[in-house]
Amino acid sequence: MKKPFSKYQVYLLTIPKNERRNSSTPKQALPLITWIDENLYKITISNYNKLYKYLLQQKNRSISFDQYTFLIRDNSENTSIDKRIRITQNERTVFIFDLRADGVTCFSLNIKHSPNKDDLKYKELWLKLINEILK
């Protein structure tokens, strides 16, 4: 008799052909961390662009949210080069969301941090702000 699947088993997720990032392979799956970012935290190119445009309309190109500030520092709204949304705390950059051709990447500048703990904190903060803006 076969054992049932564990409830913690990770499944390979495939995306429709028209939504694939690179359609050179017949079946391509998103990396799990990317799938989580896009589906649980709404860290998508579309939401990134909405937040970026929202920040461009704000005075000083920033918005305070909780104890953090979301801001952009570049001057061009038409270029996709160096489009970065920074999260600062006490005027120090603590986290960056970066728009690239293959999607949105995010990272902390703090060398001494717990990646899983800090990344989740800022991703949850992103989700709260996106939900506020999309209301």
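Any read-out appearing in this document is the output of simple, stated calculations on the displayed coordinates, not a laboratory observation. Here the structure is a predicted model, which is why all the values come from computation and not from measurement. Positions of Cβ are backbone-derived with ideal geometry, glycine not excepted, and every protein chain shown enters the neighbour counts.
Some points to look at:
- Gain on full stretching of the segment that runs from Thr105 to Gln28 - 0.36 nm per residue minus C-alpha separation: 25.8 nm
- Applying 1/(1 + (r/R0)^6) with r as the Cβ-Cβ distance of Phe65 and Leu40 and R0 = 22 angstrom yields a FRET efficiency of 0.70.
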